[in-house]
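**Student:** Next up is a structure, given as structure tokens.
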Amino acid sequence: MAARDLQRAGGLQRAVVAVATTTGTGWINEAEADALEYIYNGNTAIVSMQYSYLPSWLSFLVDKENARHAGQALFEAVDKLIRQMPEFKRPKLVVFGESLGSFGGEAPFMTLDNVLARTDGALFSGPTFNNTIWNDLTSTRDPGSPEWLPIYHHGANVRFVARPSDLQRPDEPWGGRGWSISSTPRIRSRGGRPTCCSRNPTGCANRAVTTCCRRLAGSRW
């Protein structure tokens, strides 16, 4: 229904369509939405839907699968509508989510390769300890980079950010053409004892970190 309403309202004619997965009560971060609209001068459409009435922390404990199902269902519905359009008329498709929303936002992909293949950009803030992509990238980070602020594949397509200057970390260009990302620090939630504290001297995972992903071409936020 949300995807059809997006189409009815003319959202697919905008330059960018963002699929936002919410927290339990239907909240998305206003700053992330504002940044996207600012960069594209308002030529954007953001679609989302509420999947629970519970606060995020409680929803995570008792019905986090609802976030996964909602994130996947909404993205697949929007992606299907966009793929039905002539290629030269298609808007850019980006995804974002914070906390439990980042958990649901990963659901259509489960691997970084799928994120890069199916979207024009992604912003996952404050991921949970159950976030598959976050954990995979962290565990396979470049040697010497800390778990709380990893570097993955020399920062070619993914960068972990705690502050704006971290977008320049490492000091190598992003893959493909340049683009901009606007992000602010978020708290990464981890359950139990961080594994790095017991076996890895490169740092612990309880710092404030935001993950930004983007693919090889185009302008990103």
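**Student:** Hey, does the stretch 155-173 have a residue that's of a type in the set (Lys, Arg), under 17 Å from the mean Cα position of the chain (by Cα) and modelled with pLDDT of 85 or more? Spell out the reasoning first.
**Tutor:** Going through the stretch 155-173, the residues of a type in the set (Lys, Arg) turn out to be 159, 163, 169.
If we keep only those that are under 17 Å from the mean Cα position of the chain (by Cα) too, we end up with 159, 163.
Next, from what is left, pick out any that are modelled with pLDDT of 85 or more: 159.
Yes, the stretch 155-173 contains at least one residue that is of a type in the set (Lys, Arg), under 17 Å from the mean Cα position of the chain (by Cα) and modelled with pLDDT of 85 or more.
**Student:** From (1) assigned to a helix (DSSP H, G or I); (2) within 18 Å of residue 131 (Cβ to Cβ); (3) polar (S, T, N, Q), pick out the condition that doesn't hold for residue 7.
**Tutor:** (2)
**Student:** Does any residue of the stretch 162-172 turn out to be under 30 Å from residue 83 (Cα atoms) and not in a helix (DSSP H, G or I)? Break it down into steps so the answer makes sense when it comes.
**Tutor:** Step one: list which residues in the stretch 162-172 are under 30 Å from residue 83 (Cα atoms), which gives none.
Among the residues of the stretch 162-172, not one is under 30 Å from residue 83 (Cα atoms) and not in a helix (DSSP H, G or I), which makes the answer no.
**Student:** Quick one: what pairs do we get from the stretch 78-102, first residue among the acidic types (Asp, Glu), second surrounded by 15 or more Cβ atoms within 10 Å (Cβ to Cβ), C-beta under 6 Å, 6+ apart or different chains?
**Tutor:** 98/29; 98/125; 98/126
Condition check ((1) surrounded by fewer than 16 Cβ atoms within 10 Å (Cβ to Cβ); (2) in contact with a Lys or Arg (Cβ under 8 Å, 6 or more places away or on another chain); (3) more than 14 Å from residue 123 (Cβ to Cβ); (4) not small (Gly, Ala, Ser)) across all residues:
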site	(1), (2), (3), (4)
14	no, no, yes, yes
27	no, no, yes, yes
42	yes, no, yes, no
45	no, yes, yes, no
52	no, no, yes, no
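**Student:** Out of the residues in the stretch 78-117 meeting the condition of being under 9 Å from the mean Cα position of the chain (by Cα) and not hydrophobic (A, V, I, L, M, F, W, C), tell me which one is surrounded by the fewest Cβ atoms within 10 Å (Cβ to Cβ).
**Tutor:** Within the stretch 78-117, the match that is surrounded by the fewest Cβ atoms within 10 Å (Cβ to Cβ) is 98.
**Student:** Within the stretch 30-40, track down each residue that is closer than 25 Å to residue 55 by Cα and either buried (at least 22 other Cβ atoms within 10 Å of the Cβ) or without any contact (Cβ under 8 Å) to a residue 12 or more places away in the chain (or both).
**Tutor:** 30, 32, 34, listed by residue number.
The values are calculated or read from the model by the stated rules, or taken from the named source; none is laboratory data. All figures in this text were calculated on a predicted structure; none of them were measured in a lab. Quick reminder, even Gly has a Cβ in these numbers, built from the backbone with ideal geometry, and neighbours come from all protein chains shown.
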